[in-house]
Amino acid sequence: MGRFVARRLVQAIPTFFGVLVLTFLLSRLSPSDPVQLMLAGNTEVTSEDREGLRRALGLDQPLPVQFFVWVWQLAHLDFGQSIYYHRPALQLILERIPNSLQISLAALVVTVAVGVPLGVVAALRRGRAEDHFIRVFSVAGHAIPQFWLGLIFVLTLAVQLRWFPIGSMNAVGVDCGLCWDRFVHLLGPVLVISIAGIANLPRILRTEVLEVISQDYVRTARSKGLGEPMVVAVHVLRNALIPVVTSFGTILLVFFSGSLIIERVFNWPGLGRLTFEAAVSKDYPVVQASVVISSVLLILSYLLRDIAYAWVDPRIKVR
Amino acid sequence: MATDATARELRVRATEPRRASAGLWSDAVWRIRHDTTTMVALTILLLLVLLALGADALATGFFHRSFAQQDILSSYEKPSFDEPWRWLGTDELGRSQVVRLLYGGRVSLFIGAFGAFTAFVIGLAAGITAGYYRGPWDDLVVWVVTTLNSIPILYLLLIIGVLWRLEPLPFAILLGGLGWLGICNFARGQTIALREREYVLAARTVGCSAARLMARHIAPNILPLMIVLAMIEVGQLILLESAISFIGFGIQPPTPSWGNMLTNASQYLGKAPYLIYPPGIAVFITVLCLYLIGDGLRDALDPRLRGSIGVRR
Amino acid sequence: MRRFSAILGVALMVAVSCTQAPTGTIPSGSSAASAAEQPQPGGRLVLSATGDPKTMQPVISTDTQSSAIWQWFYLGLTRANSKTGQTEGNLAEKIELSKDGLTLTYTLRDNLVWSDGSPFTGDDYKYTAEAVMRSKKTTRQSTFANVVGAQDYKEGKADEIKGIQVSNGGKTITIQFTKVFCPATAAMGGAGAGGILPSKFFKPKWDNKSTDATKNIDDVDLNMNPPVSMGPFVFKEFKPGVQVTMTKNDKYFRGAPLIDELVVKVYADATAVKNALVTGEVTYAGVEAKDYDEVSKVDALKGYRYKSSSYNYIGWNAKAAKAPWLANKDVRQALWYGINVDAIMKKIVFGLGTQVYAHNPPVSWAYDPTGLTQYTYDVAKAKSLLEKAGAKMGPDGIYRWTDGQPMKMRIETNQGNNARETILQFAQDQYKQIGIQIDPLLESFNALLDRTDPGTDFEGFILGWSLGADPDPFSIWHSSQQGKGQFNNVGYVNPAVDKALEDNRNGPDCSQDARKKANHTVDLALNQDAPYTFLYSQDTLAFASKQLQNFDPNTYSTIWNAEKWWLKK
């Protein structure tokens, strides 16, 4: 397993390099002059000021040199200063990551906790009507625009019915992490994000379960006298977990992509919302840092998923 | 006696599902025709496409309103049956929501379709060539694919949307330029598997050129499943476009798209809640139909593949 | 003080809630029996904002999110009466202007202390003024344009502003002017910045007694970490993206507040603030015109509606490189005739404001509508004015200007302000009907301010002005105010107006009558020259939870009696 992990880590390096190149190019493509942006708050700017800042930022160097300077800075964890907040970009991002992580981890837990039992129930039902229903249901989960679902949630369940808070991580004045208040505030964003995963799992599980149940080794287990639940639990679920783990990939990608909008809709102070606000106010250091760090997290989570995959299905390691 | 047996045989054969393959496509078509869910989805989608294509004709002939036509004195009106253009109500500038929904559909469907087409072309070309030639080209393609896969796509679109304001056509190409990754991976995987098959090796020994090989022997074999992926891609791009337009970095008003109609609607949740349902439901139904058709197509082409390709993101 | 403002009323929001706000179960007992109304101390006030503050220090503050925070800590020597706008003493108890109008003397109240007990003196005032003059990020230097020694200090030729003298053990502040400065009593109280800094804490970070003009207060860490306060609340902590927390200042000179804690919570946009208001998460907030109806129906809230000292307009840049026709008066008048402002009043403002035709808003004492043209919507007249100016209709329905170019231009405004966004779309449609093609652009507020800095790269823009009580339009309309960071960004030049502005500002006749006349001259000219299409002054629409007692917001201040507010449980 160790060798597998090491190999995958090494494979991730060129990818990370690609991310750095892309991020760098995009920011340099901006029609706004970074010097202009940094001096935007100043009402008296002389051309000496501009030249001085240009030299200080190294913008008079050729592009490849600028790129390597930037990478060198990143290696020292210097992601630059936020133009809007006047604080290190890295600090801002690190503050927000735990907030976003809460939603995605909770979503993962909820997806499995709700989806797997639903899947088992679905698996035990045969019949054409159920076939159709489960098929449509699973696809419907992916077809709903998440942000729209979030809006409807806030409009109906929060504002009109007052069953849920309208957003934020805690009620005002409450400052706890692992508590009921936080749980209640998490429900909205987590439910909206998990819908796709929850809808999909029953179908995947059902297919797997149906396939596995007819296998020889299950028949052998049954003939040995093991009870049906035991058979299902031990043999079936282990194999059925493979696609469940695959769907983790879906969820993680959804987390990173969808978090931007969900965090706005639910007033959640997370990384997605920070990136959005930074992009809108042209705070490029923060946007760059956010893209780079999100990519690192995404690469790491793909790696974790592959490890989980390999653990569940040893055949994968050989590939 | 012989006729009796033959008749019985014919009767039996008639009731058996056709097993003997009359060709991949006719088999698939047969299966689809007998799959109610897919047929229903297909019909609905066709209806939506027709409505969207006919938006101009309907706007002038039936509704007598254009999508940008403002009538501020009739703003914030609830849906009513008085006149066709009021069926879904009006927004803050008195524009007909039902007409905007049609035009928005045209824009969104166009972006989804054209974007998927672009993604299809790029993904197919990159995937097949990468899988066939292997070597440095393959490495390059794989590198680009994994890199792009590692950046959350909304962030990329956000940055680009902040820098440039895009019209529907360039925007569709942009989406296509970011959405070809899954198609490429699949095409590449299939190509790698296929190039070792006997008929491909045979064609090579006979002296087939690489281009001819890829075009005549490999592509047709992976095409059917690629089309499934393309259908699903259309759905994903429609969702993506509506999301990025919703936060204001996609299609800019006054050009309507289902996404930017929702931006407006979200500000009027309290005052005009009826504004928020039509565009969202429209997106949902369109994407649902696309996914179901893609699903059904895949099942029809090869039921064994159930679960291996499908809705990923 | 003049300030840019996004008219959302987000600046002065005060709300009250106790942990989980009750929703609609407020006892509606009559408040007639005042004997039973004993103010109860304690509780938490929750205000709202639509963004994090960029700074918590008045010198470099240019946006309302920032001023909404520091206004609680840093006060001025004087303040405007919340209803009338008249200057009254705040930290100073006596204000005296000499007969020749060249010397202003403030006498501070006795025993003024900061929240940590250290004394507040005139040195703090002088320090703040000097910080303004040396800052590279401030927009407030014009306040000191007529103060002796201010320019010398700014250029590093002196180590202090000679015209500001502190005496009598710090209790007396004397300001010398180079010429008569009519708004002096109103404008000088905030040391230019609007609030006075604690020099004891800031001095180690930036020393004002120096001739080094390159150093300033702009990047000091205390800018985001106010150490002490003169106001009713003291800064406690700032959680970026979440909220700013403050606790009560027992040493506040008007008396310790009854409320214990004040929180300013950040929301994504005005709709989220409205949702928070309706569900009781935030107790006091301003609402947009479109939401007024809906929020009025909420039982638990009490509505406050009053005139505001502000107005919205469409600005036309006469120096626009891509739209040379904007320099032509007939064209600008046509643009005014060509937009149906009445419909805007009915359908976008919903009647919750007054239409304006010149600069001074109805609530100002300098307001005088006599002789102003009302530019009633008239498409034919607009078109004839365009043709009189030399425009010829093209085959596609768009006019061609004298240089042959189609009359196409951009109008931009900020996202997040619903009324402005709607007006933008409306204007696009309206101007199409008079043959002008508009390219609408929405951007962030900061980007908008950046782009509309005096220059040639923008054409039309929709913005608003939030004005102080003293009518001094000098910095907006005088021809000398067209430099970077200044406010005459439409390139308006009119010598008669220049003279009237100078008379209004530097007298020598500072009587209200004379100033009113000068302002009227300015208004008449603006009305005819139409550098802006003046739109409307919207009333401030605010709602507060019925629990909040003694709350009395008015045109010129919402928080003037914050120490008296209390929460009825």
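Coordinate-derived values only; no laboratory data. What you are looking at is a predicted structure, and each value in this text was computed from that prediction instead of being measured. Neighbour counts are summed over all protein chains in view; Cβ atoms, including those assigned to glycine, are modelled from backbone coordinates with ideal geometry.
Across segment C:497-512, rounded Karplus estimates of 3J(HN,Hα) from the backbone phi angles (6.51 cos²θ - 1.76 cosθ + 1.60, θ = phi - 60°) give 5, 3, 5, 4, 5, 5, 4, 4, 8, 10, x, x, 8, 9, 5, 4 Hz, Gly and Pro being marked x.
Remark: relative contact order (segment C:371-524) = 16 percent; criterion is Cα-Cα distance under 8 angstrom and separation of 6 or more residues.
Which whole number gives the average, over all residues in B:74-86, of C-beta atoms from other chains lying within 10 Å of the residue C-beta?
Numbers: counts 1, 7, 3, 0, 0, 0, 0, 0, 0, 0, 0, 0, 0.
Average per residue, whole number: 1.
Over the protein assembly as shown, what is the percentage of antiparallel beta bridges among all DSSP beta bridges, to the nearest 5? Show your work: numbers first, answer last.
Numbers: 63 of 79 bridges.
Expressed as a percentage, antiparallel bridges in the protein assembly as shown total about 80.
Summary value for chain B: 23 percent relative contact order, contacts being C-alpha pairs under 8 angstrom separated by 6+ residues. Is the C-alpha gyration tensor of chain C telling us rounded, prolate or oblate? Criteria: a/c under 1.5 is rounded; beyond that, a/b larger than b/c is prolate, otherwise oblate. Because a/c hits 1.5 or more and a/b fails to exceed b/c, chain C counts as oblate.
For the cross-link pairs C:LYS274/C:LYS484; C:LYS290/C:LYS569; C:LYS274/C:LYS569, the ones whose C-alpha atoms lie over 26 Å apart are C:LYS274/C:LYS484; C:LYS290/C:LYS569. For segment B:109-118, backbone phi angles converted through the Karplus equation (6.51, -1.76, 1.60; θ = phi - 60°) give residue-by-residue couplings of 5, 4, 4, x, 5, 5, x, 5, 4, 4 Hz, Gly and Pro being listed as x. Segment B:118-162 and segment C:137-173 have Cα centres spaced 62 Å apart. Of the residues B:MET261, B:PRO278, C:PRO362, the one whose Cα sits farthest toward the positive end of the charge dipole of the protein assembly as shown, with +1 on the Cβ of Lys and Arg and -1 on the Cβ of Asp and Glu, is B:PRO278.
Other chains near B:139-152: what is the mean number of their Cβ atoms within 10 Å of each residue's Cβ?
Numbers: counts 1, 0, 0, 3, 4, 3, 2, 9, 11, 4, 6, 15, 13, 18.
What the average comes to for B:139-152 is 6.
When we measure straight from the Cα of C:LYS408, which lysines land under 24 angstrom away, once same-chain ones fewer than 8 places off are left out? Once the sequence-local lysines are set aside, what remains near C:LYS408 is C:LYS319, C:LYS322, C:LYS329, C:LYS381, C:LYS383, C:LYS388, C:LYS392, C:LYS432. Of the chymotrypsin sites (Phe, Trp or Tyr not before Pro) found in segment B:77-123, those in coil by DSSP whose Cβ has at most 13 other Cβ atoms within 10 Å are B:PHE81. For a test of the definition: using alpha carbon positions, the gyration tensor, and the 1.5 limit on a/c, classify the protein assembly as shown as rounded, prolate or oblate. Prolate, because a/c is 1.5 or more and a/b exceeds b/c. Each Lys and Arg contributes +1 and each Asp and Glu -1, all at the Cβ; summed about the Cα centre of chain B, the dipole is approximately 740 debye. Projecting the Cα positions of C:GLY190, C:ASN249, C:ILE161 onto the charge dipole of segment C:149-250 (unit charges on Cβ atoms of Lys, Arg, Asp and Glu, taken about the Cα centre) puts C:ASN249 furthest along the positive direction.
With 24 Å as the limit, write out which pairs from C:LYS99/C:LYS517; C:LYS54/C:LYS239; A:LYS282/C:LYS154; C:LYS205/C:LYS265; C:LYS54/C:LYS302; C:LYS179/C:LYS517 have Cα-Cα distances beyond it, or answer none. List each step's numbers first, then the result.
Working: C:LYS99/C:LYS517 21 Å; C:LYS54/C:LYS239 13 Å; A:LYS282/C:LYS154 31 Å; C:LYS205/C:LYS265 30 Å; C:LYS54/C:LYS302 31 Å; C:LYS179/C:LYS517 20 Å.
Distance filter (> 24 Å) returns A:LYS282/C:LYS154; C:LYS205/C:LYS265; C:LYS54/C:LYS302.
From the Cα gyration tensor of chain B, with a ≥ b ≥ c the square roots of its eigenvalues, which class applies: rounded if a/c is under 1.5, or else prolate if a/b is larger than b/c, or else oblate? Numbers along the way, then the final one.
Numbers: a/c = 3.06, a/b = 1.44, b/c = 2.12.
Oblate is the answer for chain B, as a/c is 1.5 or above yet b/c matches or exceeds a/b.
Around the Cα centre of the protein assembly as shown, unit charges on the Cβ atoms of Lys, Arg, Asp and Glu (plus for the first two, minus for the last two) sum to a dipole of about 2940 debye.
Show me the ranking of peptides C:111-119, C:134-142 by mean Cβ neighbours inside 10 Å, starting with the highest. Before the final figure, lay out the partial values.
Working: C:111-119: 15.0, C:134-142: 21.7.
Put in order of decreasing packing, that is C:134-142, C:111-119.
Of C:LYS236/C:LYS568; C:LYS203/C:LYS251; C:LYS203/C:LYS248; C:LYS516/C:LYS564; C:LYS94/C:LYS516, which ones are farther than 29 Å apart at the Cα? Don't jump to the answer; show the numbers that get you there.
Details: C:LYS236/C:LYS568 24 Å; C:LYS203/C:LYS251 23 Å; C:LYS203/C:LYS248 25 Å; C:LYS516/C:LYS564 36 Å; C:LYS94/C:LYS516 25 Å.
Cα-Cα > 29 Å for C:LYS516/C:LYS564; rest within.
Remark: segment C:253-306 carries a charge dipole of roughly 200 debye about the Cα centre, counting +1 on each Lys and Arg Cβ and -1 on each Asp and Glu Cβ.
Take every residue in peptide B:265-278, count the Cβ atoms of other chains within 10 Å of its Cβ, and give the average of those counts. Present the calculation step by step, with values, prior to reporting the outcome.
Details: counts 2, 11, 11, 5, 12, 14, 6, 1, 5, 0, 0, 4, 2, 0.
For this peptide, the per-residue mean of nearby foreign Cβ atoms is 5.
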